[in-house]
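Participant: Structure incoming, see below.
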Amino acid sequence: MKAVCWYGKNDVRVETVPDPQIINPRDAVVKISLTAICGSDRHLYDGYVPSMQPGDILGHEFMGEVVDVGPGVDNLRRGDRILVPFNISCGRCFFCRRELWSLCDNSNPNAWMAEKLYGYSPAGLFGYSHILGGYAGGQAEYVRVPFADVGHLKIPEGPTDEQVLFVTDILPTAYQAVEQCEIHPGDTVAIWGCGPVGQLIIKCAQLLGAERVIAIDNVPERLRMAKEQAGAEVVDFDRVHVLETLKEMTAGQGPDACIDAVGLEAHGASLDAIYDRVKAAGFLATDRPHVLREAIQACRKGGILSIPGVYGGVLDKLNLGAAFNKALTFKMGQTHVHKYLRPLLERIERGEIDPSFIITHRLHLDDAPHAYEVFKNRQDGCVKVVMRP
Amino acid sequence: MDGSGAVVPRGAAGRDPGRWTAALSGGALALYGVSRISLNGMGLAVLGSGLAYGSTTGRGRRLRGLGARVARPAGKLVARLPGKRRVMVRHSVAINSSPETLYRYWRDFTNLPRFMDHLVSVQPGEGNRWHWVDKAPGGGTVEWDAEIVKEEPNELIAWRSLPGADVANSGIVRFKALPAGRGTEVHVTLEYDAPGGQLGAALAKLTGDEPQQQVTEDLRHFKQIMEAGEIPTTKGQSAGRRDVGLHKVAEPLVGDAGPGVDMPASHGESTGSPDGSATAGAQAATAPRDVAREAQR
Ligand SMILES: NC(=O)c1ccc[n+]([C@@H]2O[C@H](COP(=O)([O-])OP(=O)(O)OC[C@H]3O[C@@H](n4cnc5c(N)ncnc54)[C@H](O)[C@@H]3O)[C@@H](O)[C@H]2O)c1
Ligand SMILES: [Zn+2]
Ligand SMILES: [Zn+2]
């Protein structure tokens, strides 16, 4: 089969590799009908995530048709059309039982690596480095799905692939990010990043009752989408001072909740952002926490900081003093996708949300190298790329 | 084992992997070069810290006077424990299951090879006896007989090798219900004992150099079987690595000789050292193994 393989920084190629097989009893093999490139894949493409190996198959947002099932899977059969959550979870451990699916104890074959890095290992993920399992991903014609009996959602006739695909990752990510904000009537939510995740966060914030939604970025097309299609007030960080602007927009109080939908590759021209770049380039820090700092600074006293943006290593010069003295609450982590599968599908079916508006590029899997380039550089107004094998 | 001794490995995380390892090697987090962690290095680092742990907790009492040292004959790591004979490793894990179920599975020793990586088979013999067959490094097997010396249903099982084993060994597993439906704590202690002083070399035959890492992984697999019904793996999956040798980027996969990675002990101990000095990690220089292979374990 064909698969998108990672060979190093800025180097992905479509290669012919062996077809996946059932390996464990609870596996299934899925023929991919639609897959996407996620902002998280950008971190791999940019070489920010350690323990990638040349030849690793990328991709963790995908859906398709079941073509094979292991003897331990009794609720799937050939021909089923399914979504597959990006986290791999056993469904039976302490964490899965508490719906903390992305923290599953039993799905990372390389748990020992993650334990050295993080103390304890989170769940394995598709196509996301060997620390997080080393599983082959779904930017391919076929994919092996471990623990498929709990790791799927059957899709009925009706919604299109494009309408439901993002339930595998970025829609629940957006939803969880907003849920973590514990929105009360009258609340203002500020969102850093108008990428695919940011756009869907705007929608979810409206859905969950935010009074005002303010979105921050500097990419014109993305700001336009945030304003015109998602319906947020927007702030261009190239044009205005973000902190002052937010203060002004919130009667001098600050947003009730701040969401970092940018993660470890934040851009900026302020002193601290330049400092981060220099440090990261010189290998003195791993992540660039410019947005995190700004969000901490901006948040109102007693507010909530929700962090769906990915961090992986150590951060430098974090203003924890501001967070402490303003008594902020931090919520973060990889999304517990399984928990949101059905509720979000139902919202889509009821027409409450249609996440497909973010798709700007529809390409063939063979075009993946080009697709990564376009997505990385935000060419041609690129917000979200989907690929069909 | 402190940050000052940390060496910045050129990682195997791809073309630009040094970023993390370098960033992390400077300070309190100087504990890993994740991109090229060698299990060998890790095992010994754990062993090293275990020495200190044992001697400060008093558990090392029986092990006092070991003067544990680590040598590296011909590139292979062997814990040499001159003049003494005993290594003890402990580990525990919480499993979302009842003591009864876990006890029943473990008590049938023929199940042990399902989660103990180094075992080939355990077969019932006469009475309370069991015949153990273990994989020796470089092919071949090591065999011995052991007997159950104590058992309390749903609580504990203790076994001990019979006289004549290459490496005398014993083990005890305890099962204890955790509160509020949190499952069961499974606690394992293993002891190895070699007459004649070359315990390290003898032990390597049984556990592949890293008794602590071995017991950690074995218990992890036990938990995975009991909870998930299978051990997660990527062995046999697809990857674009056929032509990996042709890529320049393939080079870090194997890596050149470099330092083993300093690692704090997260749990357990191995042996005690009189002064508690953890020398193992610092000296645990070893040729890193193929990361890909490690990752497939
Ligand atoms: N928690 C999870 O489970 C999960 C799931 C999916 C994605 N993510 C993460 O969410 C983040 C966003 O994903 P995406 O797909 O939208 O990625 P993306 O890269 O397309 O979007 C990031 C956006 O942030 C903007 N940005 C950069 N610096 C900024 C700054 N200083 N202030 C404001 N905006 C800034 C960029 O211009 C870009 O539009 C990534 O870190 C991704 O890894 C997390
Ligand atoms: Zn993602
Ligand atoms: Zn689990």
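The values are calculated or read from the model by the stated rules, or taken from the named source; none is laboratory data. All figures in this text were calculated on a predicted structure; none of them were measured in a lab. Backbone-built Cβ (ideal geometry, glycine too); neighbour counts: all protein chains shown.
Participant: Taking the criterion of being assigned by TED's automatic domain parsing to the domain that holds A:CYS96, free of Cβ contacts under 8 Å to residues at least 24 places away in the same chain, outside any strand (DSSP E or B) and basic (Lys, Arg), would at least one residue in the stretch A:373-384 satisfy it?
Facilitator: Checked the stretch A:373-384: no residue is assigned by TED's automatic domain parsing to the domain that holds A:CYS96, free of Cβ contacts under 8 Å to residues at least 24 places away in the same chain, outside any strand (DSSP E or B) and basic (Lys, Arg).
Participant: Take the residues of the stretch A:318-349 that are in a helix (DSSP H, G or I) and aliphatic (A, V, I, L, M): which is farthest from A:VAL84 (Cα to Cα)?
Facilitator: Among those residues, the one meeting the criterion is A:ALA322.
Participant: Output the number of residues of the stretch A:112-128 satisfying the condition of being in a loop (DSSP other than H, G, I, E, B), closer than 23 Å to A:ALA148 by Cα and within 14 Å of ligand 3 (Cβ to nearest atom).
Facilitator: Going through the stretch A:112-128 one residue at a time, the tally reaches 3.
Participant: Checking A:GLN206 against (1) more than 9 Å from ligand 1 (Cβ to nearest atom); (2) surrounded by fewer than 18 Cβ atoms within 10 Å (Cβ to Cβ); (3) of a type outside the set (Val, Ile, Thr), which single condition isn't satisfied?
Facilitator: In the conditions (1) more than 9 Å from ligand 1 (Cβ to nearest atom); (2) surrounded by fewer than 18 Cβ atoms within 10 Å (Cβ to Cβ); (3) of a type outside the set (Val, Ile, Thr), A:GLN206 misses (2) alone.
Participant: Pick from the stretch A:100-111 the residues that are outside any loop (DSSP other than H, G, I, E, B) and more than 7 Å from chain B (Cβ to nearest Cβ): which of them is surrounded by the fewest Cβ atoms within 10 Å (Cβ to Cβ)?
Facilitator: By that ranking, first place goes to A:LEU103.
Participant: Quick one: would you say A:GLU157 is free of Cβ contacts under 8 Å to residues at least 60 places away in the same chain and within 29 Å of A:GLN199 (Cα to Cα)?
Facilitator: Against the criterion (free of Cβ contacts under 8 Å to residues at least 60 places away in the same chain and within 29 Å of A:GLN199 (Cα to Cα)), A:GLU157 qualifies.
Participant: Let me spell it out: the conditions are (1) within 17 Å of the chain's Cα centre (by Cα); (2) over 25 Å from A:ASP41 (Cβ atoms); (3) not β-branched (Val, Ile, Thr), and A:GLU233 meets all of them except one. Which number is the exception?
Facilitator: Checking A:GLU233 against (1) within 17 Å of the chain's Cα centre (by Cα); (2) over 25 Å from A:ASP41 (Cβ atoms); (3) not β-branched (Val, Ile, Thr), the one that fails is (1).
For every residue, the table says whether it meets (1) outside the structural domain of A:PHE126 (by TED's automatic domain parsing); (2) among the small types (Gly, Ala, Ser); (3) in contact with a helix residue (DSSP H, G or I) (Cβ under 7 Å, 6 or more places away or on another chain); (4) closer than 18 Å to A:LYS339 by Cβ.
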residue: A:MET52; (1), (2), (3), (4): no, no, yes, no
residue: A:VAL67; (1), (2), (3), (4): no, no, no, no
residue: A:GLY70; (1), (2), (3), (4): no, yes, no, no
residue: A:ILE82; (1), (2), (3), (4): no, no, no, yes
residue: A:GLY91; (1), (2), (3), (4): no, yes, no, yes
residue: A:ARG97; (1), (2), (3), (4): no, no, no, yes
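Participant: Can you tell me which of A:LYS339, A:LYS331, A:LYS326 is more than 13 Å from ligand 1 (Cβ to nearest atom) and out of contact with any His (no Cβ under 6 Å at 6 or more places or on another chain)?
Facilitator: A:LYS326
Participant: Find the residue count for the stretch A:140-153, including only residues that are of a type in the set (D, E, K, R) and either under 18 Å from A:GLY72 (Cβ atoms) or outside the structural domain of A:PRO343 (by TED's automatic domain parsing) (or both).
Facilitator: 2
Participant: Which residue out of A:LEU83, A:LEU125, A:LEU34 is within 16 Å of ligand 2 (Cβ to nearest atom), in contact with a Leu (Cβ under 6 Å, 6 or more places away or on another chain) and within 17 Å of B:PRO232 (Cβ to Cβ)?
Facilitator: Result of the check over A:LEU83, A:LEU125, A:LEU34: A:LEU125.
Participant: Another question, then. Listed residues A:GLY72, A:GLY47; which is within 16 Å of ligand 3 (Cβ to nearest atom), more than 28 Å from A:GLU162 (Cα to Cα) and of a type in the set (Gly, Ala, Ser)?
Facilitator: A:GLY72
Participant: Taking strands (runs of 3 or more DSSP E) that do not extend beyond the stretch A:1-99, which have at least 2 residues that are of a type in the set (Gly, Ala, Ser) and within 9 Å of chain B (Cβ to nearest Cβ)?
Facilitator: Result: A:2-8.
Participant: Consider the stretch B:209-236. How many of its residues are more than 7 Å from chain A (Cβ to nearest Cβ), among the aliphatic types (A, V, I, L, M) and in a helix (DSSP H, G or I)?
Facilitator: 4
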